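The values are calculated or read from the model by the stated rules, or taken from the named source; none is laboratory data. Quantities reported herein were computed from a predicted structural model and do not represent experimental measurements. No Cβ is skipped: glycine too gets one built from the backbone with ideal geometry, and neighbour counts run over all protein chains shown. Note: areas computed on protein heavy atoms with side chains; ligands, DNA, RNA excluded. Shrake-Rupley method; radii C 1.70, N 1.55, O 1.52, S 1.80 Å.
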Amino acid sequence: MFITPYFAFARKSFLGRSAYRFDHFMSILNTCLQIFIFWGIYTALYAGRSEVDGITMTMVATSFTLSMGLKAVFYVDDYLLPSKIWDGSIANEFLRPVSFRGRMLAENLGNAAFNVVFHFLPALVISVVVIGIHPPESMAMLVLFVLSAALGYGVLWGLSFMVQAAAFWTFKIWSLATLKDVFINVLSGAMIPLWFMPEWIYEALKLTPFPYIYFTPVQIYLGQLSYQEVWKRCGVQLFWILLIYFLGSVFWKRGQKKLVVQGG
């Protein structure tokens, strides 16, 4: 079947991660530390108040716990494609009978599946015990949260691929990757829940792909959106995935024509 080789890449990536046990513990610790740091910051900001502008501390704790957990799951190596362009090995990838983009996505999905089981869930359990977060609004909303999170991953992966494809034109993409990470961290609700943004900024952000990566899944989990609005947001996420995929395809095809590999 067509998907068989890509499933094999995903499986290999998943199993390859299981060889580094110490790395798992450090990743869980890193995620928990980020969550506890944000918890300490917002606890100080709330200064004993139960809520600010209708947003309770539990809602905020739920937001950054889920966002930090998803951020650990959604990790994408922004330097995979650039490294192959820089050392010339990308030429070998073009000779393989499978799509290199498909292989990249499959390997990233394998890593994401591993991160869900061995990073996100343990960190979530620890956070629930220590901090306490809102339970999902309902089982239906929990399922829709998972669906929206998967679509959010698609948006994030597409943005990462576009940044990586810039390596066809520039020797270093560090500045672009850093700028992309800053925009995502600040504008997606990962660091600052978008509830605290001025209304006009939040409405402007809804015209960009960033809020649909982390903040939309969190809103669904908390039951802040009606079912009609949930499906509308999922549709917007799908729109951004398709648009970013199209733009990434343009960069990818033009980059291949520009590529020059020297040596042997």
At 0.692 mPa s and 37 °C, Stokes diffusion of the chain via Kirkwood alpha-carbon radius, µm² per second: 166
When each of Lys71/Lys206; Lys12/Lys206; Lys84/Lys206; Lys180/Lys253 is checked by Cα-Cα distance, pairs over 29 Å: Lys12/Lys206; Lys84/Lys206
Just to be sure I understand the model, the point goes 7 Å from the Cα along the line to the Cβ. What's the resulting Tyr202 to Val117 distance in nm? 3.8
By average C-beta atoms within 10 angstrom, highest first, the peptides 190-197, 201-208: 190-197, 201-208
Over 17 Å, how big is the tail of the calculated P(r) for the range 1-122, in percent of all Cα pairs? 66
Rounded to whole Å², per residue accessible area for the chain with a 1.4 Å probe reads 53
Descending packing, highest mean Cβ count within 10 Å first, for 165-171, 27-33, 114-120 is 114-120, 27-33, 165-171
Could you work out the relative contact order of the chain, using alpha carbon pairs under 8 angstrom and six or more residues apart, expressed as a whole percent? 27
Considering only protein heavy atoms and a probe of 1.4 Å, how much of the accessible area of the chain is carbon and sulfur, as a whole percent? 70
Mind putting together the pair-distance distribution for the range 109-188? All Cα pairs, 5 Å bins, whole percent per bin, short to long. 3, 11, 14, 18, 21, 14, 8, 6, 3, 1
So how much slack lies between Trp86 and Asp23, counting 0.36 nm per residue of separation and subtracting their Cα-Cα distance, in nm? 19.9 nm
Ordered by packing density, taken as the mean number of other Cβ atoms within 10 Å over each peptide's residues, highest first, how do 100-110, 214-224, 149-159 rank? 214-224, 149-159, 100-110
Any chance you could check the Cα centroid distance between the range 44-82 and the range 133-157 for me, in angstrom? 14
Report, in debye and to the nearest 20, how large the dipole of the chain comes out about its Cα centre when Lys and Arg carry +1 and Asp and Glu carry -1 on their Cβ. 980
Mind pulling the angle between the C-alpha long axis of helix 4-17 and the longest principal axis of the chain? Nearest 10 degrees, somewhere in 0 to 90. 60
Relative contact order of the range 1-116: what whole-number percent is it, with Cα pairs under 8 angstrom and at least 6 residues apart? 53
Could you state the angle between the C-alpha long axis of helix 57-73 and the longest principal axis of the C-alpha atoms of the chain, as a value from 0 to 90 degrees rounded to the nearest 10? 10
Counting every Cα pair in the range 188-264, what percent are over 22 Å apart? 40
Find the Rg to Rh ratio for the range 161-211, where Rh is the Kirkwood radius over alpha-carbon pairs and Rg uses the same atoms. 1.10
Calculated from DSSP H runs of 4 or more alone, at -39500 (n - 2.57) each and per residue, what is the 222 nm mean residue ellipticity of the chain, nearest 500? -23000 deg cm²/dmol
For Leu15 and Asp181, calculate 0.36 nm times their separation in residues minus their Cα-Cα distance, and state this gained length in nm to one decimal. 57.0 nm
Nearest 10 degrees, 0 to 90: what angle lies between the long axis of helix 100-115 and the longest principal axis of the chain (Cα atoms)? 30
